[in-house]
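Trainee: There's a structure below that I have some questions on.
The values are calculated or read from the model by the stated rules, or taken from the named source; none is laboratory data. Since the structure is predicted, the reported quantities are computational estimates derived from the model, not experimental observations. Note that we place each Cβ from the backbone using ideal geometry, even for glycine, and neighbour counts take in every protein chain shown.
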Amino acid sequence: MFIGKNISETVKLAREAFESKGIDSPWLDAEILLANSLNLTREEILTKGNDSFPNENYKKWQDVVLRRMNREPIDRILGKKRFRKLDFNVIPDVFSPRPETEEVLSRALERIPENGRFLDLCCGTGCIGISIANERNCSGVLCDIDLKAVSHAKKEKKRLTPNANLKIVQSDLFENIEEKFDLIVSNPPYISTKEKKSLPPEVINFDPLGSLFCGLDGLHVCKLIIEQAPKYLNKNGWLLIEFGFCQKENISNLFSPDWTNVKQRKPWGAPRSEKDFFVEAQWSPS
Ligand SMILES: C[S@@+](CC[C@H](N)C(=O)[O-])C[C@H]1O[C@@H](n2cnc3c(N)ncnc32)[C@H](O)[C@@H]1O
């Protein structure tokens, strides 16, 4: 199954199999997965198109094609995801980093002062906090309610930034946090339960539900973070929160007048019509 007389025909068979399951980018997925299965680059898949498929890879390839046909995301099949400058390991039961969050990270990197302290709230793999520590001279705390995420983020910290000054703790939002920071950044759960039916199988069947859903309007956790963050921010400290495209309520209205520079952001280079997806605000009580 799914093996052609040579490599390019094998790509074609996988592409057709993925197309039949309604996958958006069947050709790209087939090339990426085959390259990974054969330990080749994507370029080599093209230049070696006439080579025959190596028999010893037959079982592995078949397994990979069936997993993708079952709509398992590419990064979960490969077990890793590039996030800015680092490759994070992706494991079952922990949310897999998304490219849009790299933009929130870019902003966090601009906002964190030299030698500053930051909190990555709802850290998942730790992709935001570990990336900040990888690129800036600063220290911080990462936290998540889920013990599997906390344990995974600890391993990732040790593997990717062993010398970074980061503490990783289990905490329901700020429950176990005891200090103040220059920056709090969060990609919390923000999908409303009403949106459940519209999510693709790659998300609903593979990301942990606790990382996705957050009540009827998807804003419950965002509201709590905005309410409680002042207690944990130094004066003029920044709060950055990713939120959902589909949330109708204007999130800026949740900030009291003691917050300044409240701005909602669109994805980089997006047209005006594109919806905002993260908000930043500065804690400036009078
Ligand atoms: C959308 S994921 C984001 C993970 C990571 N920050 C990222 O960008 O890839 C949301 C994370 O929030 C965590 N979470 C959900 N509710 C929480 C809470 N009340 N307190 C702390 N973490 C929470 C989930 O376990 C999950 O890891």
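Trainee: Of the residues Gly244, Gly215, which single one is over 27 Å from Asp24 (Cβ atoms) and either within 13 Å of the ligand (Cβ to nearest atom) or in contact with a Cys (Cβ under 9 Å, 6 or more places away or on another chain) (or both)?
Mentor: Of Gly244, Gly215, the one residue that is over 27 Å from Asp24 (Cβ atoms) and either within 13 Å of the ligand (Cβ to nearest atom) or in contact with a Cys (Cβ under 9 Å, 6 or more places away or on another chain) (or both) is Gly215.
Trainee: So how many residues does the stretch 193-212 have that are within 14 Å of the ligand (Cβ to nearest atom) and either part of a loop (DSSP other than H, G, I, E, B) or at pLDDT 95 or above (or both)?
Mentor: Summing the residues that are within 14 Å of the ligand (Cβ to nearest atom) and either part of a loop (DSSP other than H, G, I, E, B) or at pLDDT 95 or above (or both) in the stretch 193-212 gives 10.
Trainee: Here is a follow-up. Name, by its number, the condition in (1) more than 9 Å from the ligand (Cβ to nearest atom); (2) closer than 18 Å to Ile241 by Cα that does not hold for Ile145.
Mentor: Answer for Ile145: the failing condition is (1).
Trainee: Of everything in the stretch 81-134, what is free of Cβ contacts under 8 Å to residues at least 60 places away in the same chain, surrounded by fewer than 20 Cβ atoms within 10 Å (Cβ to Cβ) and under 12 Å from Ala153 (Cα atoms)? Give them in sequence order.
Mentor: Those that are free of Cβ contacts under 8 Å to residues at least 60 places away in the same chain, surrounded by fewer than 20 Cβ atoms within 10 Å (Cβ to Cβ) and under 12 Å from Ala153 (Cα atoms): none in the stretch 81-134.
Trainee: Check Ile23, Ile45 and return the single one that is in contact with an Asp or Glu (Cβ under 8 Å, 6 or more places away or on another chain), more than 17 Å from Asp75 (Cα to Cα) and crowded, with 19+ Cβ neighbours inside 10 Å.
Mentor: Ile45
Trainee: Being surrounded by fewer than 17 Cβ atoms within 10 Å (Cβ to Cβ) and over 24 Å from the mean Cα position of the chain (by Cα) is the filter here; which residues of the stretch 26-39 pass it?
Mentor: Result: Asn39, single match.
Trainee: If you don't mind, there's one more thing I want to ask. From Leu34, Leu109, which residue is over 30 Å from Gly244 (Cβ atoms) and aliphatic (A, V, I, L, M)?
Mentor: Just one listed residue meets the conditions, Leu34.
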